[in-house]
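The values are calculated or read from the model by the stated rules, or taken from the named source; none is laboratory data. Values in this document were obtained by computation on a predicted structure and should not be read as measured data. For neighbour counting, all protein chains shown are included, and Cβ atoms are generated from backbone atoms with ideal geometry for every residue, glycine included.
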Amino acid sequence: MEIVLLGPYPPPYGGISVHVQRLKERLEERGIPCVVYDYSSIRGKEDDIVAIRNKAIWFLNQLFHNTDSIIHLCGYSPSALIALSLLVAVKRKKVVVDTGGFLFSQEGITLQHRLAFQIAAKTGIYFIAESSRSRDIMLSLGIKPENVNDEIIPCFIPPRARAGNIFKLTEELQNFISSHRPLITANAFRISFYNNEDLYGIDLCIDLCANLKQTHPDIGFVFCLPTIGDYDYFNKMMRRVREKDIEDNFLFVTEPCEYHAILMRCDIFVRSTNTDGDSVSLREALYFKLPSVASDAIPRPVGTVLFKNRDADDLTSKVEHILGNYSFYKSKLETLKLEDNTEKILRVYYKLKR
């Protein structure tokens, strides 16, 4: 069995790219041949990572070369789903797709998305559902029940404890971490908007830090933003930090880094998104037994403390309560188990291989 992983590969470090990186590691540990085609870059990042410089040429190469590989699309776009559907129809390729958290609600599913799923439904592409909600939406879009896994498989695969990972931090970041307590963290792949609001709630995190500084003068907040994207909004948030007088307390990290190395040094994780998929970062924080606060925009994993979506005051109240009862919240997480989903993914591969 050979696996072709089709998706982004770090850097930058985002939920899907980290998932691809870790899945590749697990497959190699089991001696399963694996190649990664990185569609997010025009140049290779590692010797065994193949950059897709031209998606059309990559597709034609797959169309005219007979291989028995299983293609696993990590992430989703209508064009990719349609292209892979053609490979299944014409070449009988075995294709599995996980949508990377795209199907978190019916909202935002345009006619183009519906068409892509209708085409995929006719070809028998196999889908991995990350939640019961995403499975229900797949079925509503025409995917047959036998082509969606009954077993829910979140994208989370725990990091391997590689020597030195925790020290892969800049001197500025290490100094910030060592000089601030309590320490809170949040992250975003890039600045994005949903319903004309800050999708990742960067503004809420800044307000939270300013509110907490009144009772915790040494508070520190590390916000990881490896890809800025919208520089106008980023500069606006930098002004907000200055206006709130928290320049010494709030740090943006804009260079690529392995986020779990930061999580392991912090006290609380915040997921302030106004909508979401199945957050890898949130599951990772819970895996490290880090008390975590997330918006109630969607159902969250067991162990998460919820706050009212887009409500900075409620977010502050929930974080204050955790800080005031920290041992209690830490102890609640000690019995929480987040499994490595590699074996579940392998079961999908073996099912397709039969």
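Here are the numbers:
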read-out	value
Gly277 within 17 Å of His216 (Cα to Cα) and either touching a Phe, Trp or Tyr at 6+ places or on another chain (Cβ under 9 Å) or in the same structural domain as His216 (by TED's automatic domain parsing) (or both)	no
Count - residues of segment 233-278 that are in contact (Cβ under 8 Å) with a residue 60 or more places away in the chain and under 20 Å from Asn175 (Cα atoms)	18
Residue check, Ser134 surrounded by 15 or more Cβ atoms within 10 Å (Cβ to Cβ), part of a helix (DSSP H, G or I) and out of contact with any strand residue (DSSP E or B) (no Cβ under 6 Å at 6 or more places or on another chain)	yes
Residue, nearest to Asn187 (Cα to Cα), within segment 5-44, restricted to residues that are of a type in the set (Val, Ile, Thr) and surrounded by fewer than 20 Cβ atoms within 10 Å (Cβ to Cβ)	Ile42
Subset of segment 306-347 (residues that are touching a Phe, Trp or Tyr at 6+ places or on another chain (Cβ under 7 Å), in contact (Cβ under 8 Å) with a residue 12 or more places away in the chain and in a helix (DSSP H, G or I))	Leu315, Lys318, Ile322
Search result, residues across segment 288-318 that are buried (at least 18 other Cβ atoms within 10 Å of the Cβ), farther than 21 Å from Leu338 by Cβ and in contact with a Lys or Arg (Cβ under 6 Å, 6 or more places away or on another chain)	Phe307
Residue in segment 197-243 that is modelled with the lowest pLDDT, counting only those that are part of a loop (DSSP other than H, G, I, E, B), β-branched (Val, Ile, Thr) and touching a strand residue (DSSP E or B) at 6+ places or on another chain (Cβ under 9 Å)	Ile228
